[in-house]
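Enquirer: Please read through the structure below; I'll follow up with questions.
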Amino acid sequence: MQKPAECTTILVGKDATIDGSTMIARSEDGGSTIIPEAFIAVNPKDQPKHYKAVISGQEIDDEDLLPNPLRYTSAPDASGKNGIWAAAGINDATVAMTATETITTNSRIQGIDPLVEEGGLGEEDFVTLTLPYIHSAREGVKRLGYLVEKYGTYEMNGSAFADHDEVWYIETIGGHHWAARRIPDDAYVAAPNRLNIDFFDFNDEENFMCSSDLLDIINEYHLNPDYQGYNLRHIFGSSTIKDAHYNNPRAWYIHRYFDPEWEGEPGDQDQPFITYAKKKISPEDIKFLESSHYQDTKYDVYSTTNTEAEKKLFRPIGINRNFETHILQIRNDVEEGIAGVQWLAFGPNTFNCFVPFYTNVTTTPASFQTGPDFDLTKIFWLNKLNAQLGDTNYKVYSALEQAFEEKTMAKLRQIENETDRAVKGLTGRDLQEKLEEANQKMADLTYKQTVALTGEMVKDGHSLMKLKYDLLD
């Protein structure tokens, strides 16, 4: 059975960030069943030498499991019953990958190149089969494209890659085709659950890549509805009522945040793929957006003045089904050994805190190595508990959460800054040990602060219970 996964991706080029880093981010959202997520380091000896997909049954042999895999971080499903679902990580060559953003399609391309129901690959497989074998973002696009062409896919999805210089976004098209675009250095992208790439230049091989016969298919089957140029969203994607209520408003809110003068309505179908912010973008900006629920609009689900119809009109980014969210940051102002940072949060983003873990490590903190069962020693379950408690009275609990997040983030930033200075000149295992110590310190701090938040919420919520009878009632 395929795990539902509906996400929100944000990509930022190096000249659009506050510190010159590249950043690719995504919330990994699931369905009605809670799916515990973990954070691990996959060392070369742990990389499968023979791979079998759980969902499709496809087996991958030594020909495509290349020798000498790189070490990489991973955010897999804790149970593994539906496969690995590695989600996101940064490898030993300081290349980042996130996969996947579930996207839309239309019957025209499905009638030409149907999805591969048996034997195809998908979100369960892509990170495990790609990230250990690539040395640049561009190389990641080519390898993932190769896998889609050879084995096919049973779903439409988008993935992103980043290295020190480039950010790329790739979308699958039909069962065996794909297209990718390089994000300009000074731009950002908001990509919800729709086919996102719009303008495509088949003659610009530096900034656009695709399967070799994609243009031929467009022309042969008369797929282009536009009089001029090629807009892949028009050609291969959708423009439905669901897009107007489920997908487009999330992109609209992100654009509105980065540009207060942004024009248009939440449901607009043709919001651009490549966009430009009015300020430089920080990890804190991305955290706010991945936690957002249309604050300061009439669609805010926690508003006490909006109507119930308004609050239910559009799907927010921050939602109960956020199970794992990451920002993969490749920094350009530090030494190579500490350039990769995987900002990570578990559970609904409106009630959690991102932790900037170093990725040049061979192990991860135990509190982030979630098990499948409810366990309050694991940050995933603690965050879920706080989110469900906080949801009962957002007006009361949100102030506590905001104070917790700001205080915790400041202390995590302090640990990161101190570590960056302390490890200068270190290499190899000496460096990794220091980074593992820093990661453990950040995990311990986050857990302690999160427990304290739980305590404050319980204290403030005591007098709000309906099950009460005061002496002076």
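Enquirer: Would you mind finding the one in R256, R250 that is open to solvent by 70 Å² or more (accessible area, probe 1.4 Å), under 19 Å from A187 (Cα atoms), among the basic types (K, R) and at pLDDT 95 or above? First the steps, then the outcome.
Expert: Working: R250 fails: open to solvent by 70 Å² or more (accessible area, probe 1.4 Å).
That would be R256, the only listed residue that is open to solvent by 70 Å² or more (accessible area, probe 1.4 Å), under 19 Å from A187 (Cα atoms), among the basic types (K, R) and at pLDDT 95 or above.
Enquirer: Another question, if that's okay. Any chance you could count how many residues in the stretch 141-180 are closer than 17 Å to V127 by Cβ, small (G, A, S) and not in a strand (DSSP E or B)?
Expert: 1
Enquirer: Take the residues of the stretch 411-428 that are under 20 Å from D444 (Cβ atoms), open to solvent by less than 60 Å² (accessible area, probe 1.4 Å) and of a type outside the set (D, E, K, R): which is farthest from the chain's Cα centre (by Cα)?
Expert: Initially, the stretch 411-428 is screened for residues under 20 Å from D444 (Cβ atoms), giving 411-420, 422-423.
Add one more test, that the residue is open to solvent by less than 60 Å² (accessible area, probe 1.4 Å), and what stays is 412, 415-416, 419-420, 423.
Those left that are additionally of a type outside the set (D, E, K, R): 412, 415, 419, 423.
Numbers: L412: 21, I415: 24, T419: 26, V423: 29 Å.
For the stretch 411-428, the residue satisfying everything is V423.
Enquirer: Go through the stretch 182-192 and give me each residue that's open to solvent by 10 Å² or more (accessible area, probe 1.4 Å) and touching a residue at least 60 places away in the same chain (Cβ under 8 Å). Quick ask: steps written out before the conclusion?
Expert: From the stretch 182-192, those open to solvent by 10 Å² or more (accessible area, probe 1.4 Å) are 182, 184-186; that's our starting set.
P184, D185, D186, listed by residue number.
Here is a yes/no grid of residues against (1) among the charged types (D, E, K, R); (2) open to solvent by less than 10 Å² (accessible area, probe 1.4 Å); (3) closer than 14 Å to A96 by Cα; (4) part of a strand (DSSP E or B):
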residue	(1), (2), (3), (4)
E6	yes, no, no, no
I10	no, yes, yes, yes
D15	yes, no, no, no
D19	yes, no, no, no
M23	no, yes, yes, yes
R26	yes, yes, yes, yes
T33	no, no, no, no
A41	no, no, yes, yes
K45	yes, no, no, no
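Enquirer: Within the stretch 304-323, is even one residue on the phi > 0 side of the Ramachandran plot and within 20 Å of the chain's Cα centre (by Cα)? Give the derivation first.
Expert: The initial filter retains those residues of the stretch 304-323 that are on the phi > 0 side of the Ramachandran plot, namely none.
No.
Enquirer: Just checking, how many residues over the stretch 164-174 are over 24 Å from Y246 (Cβ atoms) and open to solvent by less than 20 Å² (accessible area, probe 1.4 Å)? Break it down into steps so the answer makes sense when it comes.
Expert: Applying the first criterion (over 24 Å from Y246 (Cβ atoms)) to the stretch 164-174 yields 164-168.
Next cut, open to solvent by less than 20 Å² (accessible area, probe 1.4 Å) only: 167-168.
Result for the stretch 164-174: 2.
Enquirer: Quick check: is even one residue across the stretch 267-275 open to solvent by less than 30 Å² (accessible area, probe 1.4 Å), over 30 Å from N224 (Cβ atoms) and part of a loop (DSSP other than H, G, I, E, B)?
Expert: Residues of the stretch 267-275 open to solvent by less than 30 Å² (accessible area, probe 1.4 Å): 267, 271, 273-275.
Narrowing further to those that are over 30 Å from N224 (Cβ atoms): none.
No, there is no match, as no residue in the stretch 267-275 is open to solvent by less than 30 Å² (accessible area, probe 1.4 Å), over 30 Å from N224 (Cβ atoms) and part of a loop (DSSP other than H, G, I, E, B).
Enquirer: If you don't mind, another one. When the residues of the stretch 56-66 are narrowed to those that are assigned to a loop (DSSP other than H, G, I, E, B) and at negative phi, which ends up surrounded by the fewest Cβ atoms within 10 Å (Cβ to Cβ)? Step through it out loud before you land on a result.
Expert: So the first thing to find is which residues in the stretch 56-66 are assigned to a loop (DSSP other than H, G, I, E, B), and the list is 56-58, 61-66.
If we keep only those that are at negative phi too, we end up with 56, 58, 61-66.
On the way: S56: 22, Q58: 20, D61: 9, D62: 9, E63: 7, D64: 14, L65: 17, L66: 14.
Among residues in the stretch 56-66 that are assigned to a loop (DSSP other than H, G, I, E, B) and at negative phi, the one surrounded by the fewest Cβ atoms within 10 Å (Cβ to Cβ) is E63.
Enquirer: What are the residues in the stretch 381-402 that are among the hydrophobic types (A, V, I, L, M, F, W, C), open to solvent by 50 Å² or more (accessible area, probe 1.4 Å) and either under 20 Å from D444 (Cβ atoms) or not in a helix (DSSP H, G or I) (or both), if any?
Expert: Matches in the stretch 381-402: L385 only.
Enquirer: In this structure, does I197 turn out to be in contact (Cβ under 8 Å) with a residue 12 or more places away in the chain and either part of a strand (DSSP E or B) or touching a strand residue (DSSP E or B) at 6+ places or on another chain (Cβ under 7 Å) (or both)? I'd like the intermediate steps shown before the answer.
Expert: Details: in contact (Cβ under 8 Å) with a residue 12 or more places away in the chain: yes; either part of a strand (DSSP E or B) or touching a strand residue (DSSP E or B) at 6+ places or on another chain (Cβ under 7 Å) (or both): yes.
When the stated conditions are applied, I197 passes them.
Enquirer: Is there a residue being surrounded by fewer than 24 Cβ atoms within 10 Å (Cβ to Cβ), under 27 Å from R143 (Cβ atoms) and of a type in the set (V, I, T) anywhere in the stretch 199-221?
Expert: Yes, some residue in the stretch 199-221 is surrounded by fewer than 24 Cβ atoms within 10 Å (Cβ to Cβ), under 27 Å from R143 (Cβ atoms) and of a type in the set (V, I, T).
Enquirer: Filtering the stretch 180-218 down to residues that are under 25 Å from D243 (Cβ atoms) and among the acidic types (D, E), which residue is farthest from the chain's Cα centre (by Cα)?
Expert: D201
Enquirer: Is it true that some residue in the stretch 94-105 is modelled with pLDDT under 95, touching an Asp or Glu at 6+ places or on another chain (Cβ under 8 Å) and either more than 21 Å from H176 (Cβ to Cβ) or not acidic (D, E) (or both)?
Expert: Narrowing the stretch 94-105 to residues modelled with pLDDT under 95: none.
Scanning the stretch 94-105, I find no residue that is modelled with pLDDT under 95, touching an Asp or Glu at 6+ places or on another chain (Cβ under 8 Å) and either more than 21 Å from H176 (Cβ to Cβ) or not acidic (D, E) (or both), so the answer is no.
Enquirer: Filter the stretch 67-108 for residues that are surrounded by 19 or more Cβ atoms within 10 Å (Cβ to Cβ), out of contact with any strand residue (DSSP E or B) (no Cβ under 8 Å at 6 or more places or on another chain) and closer than 24 Å to Q369 by Cβ and give the result.
Expert: P69, the sole residue that qualifies.
The values are calculated or read from the model by the stated rules, or taken from the named source; none is laboratory data. Keep in mind it's a predicted model, so treat the numbers as computed, not measured. Cβ coordinates were reconstructed from backbone atoms using ideal geometry, including for glycine residues, and neighbour counts include every protein chain displayed. What goes into the accessible areas is simple: the full protein's heavy atoms, side chains included, and nothing from ligands, DNA or RNA. Shrake-Rupley method; radii C 1.70, N 1.55, O 1.52, S 1.80 Å.
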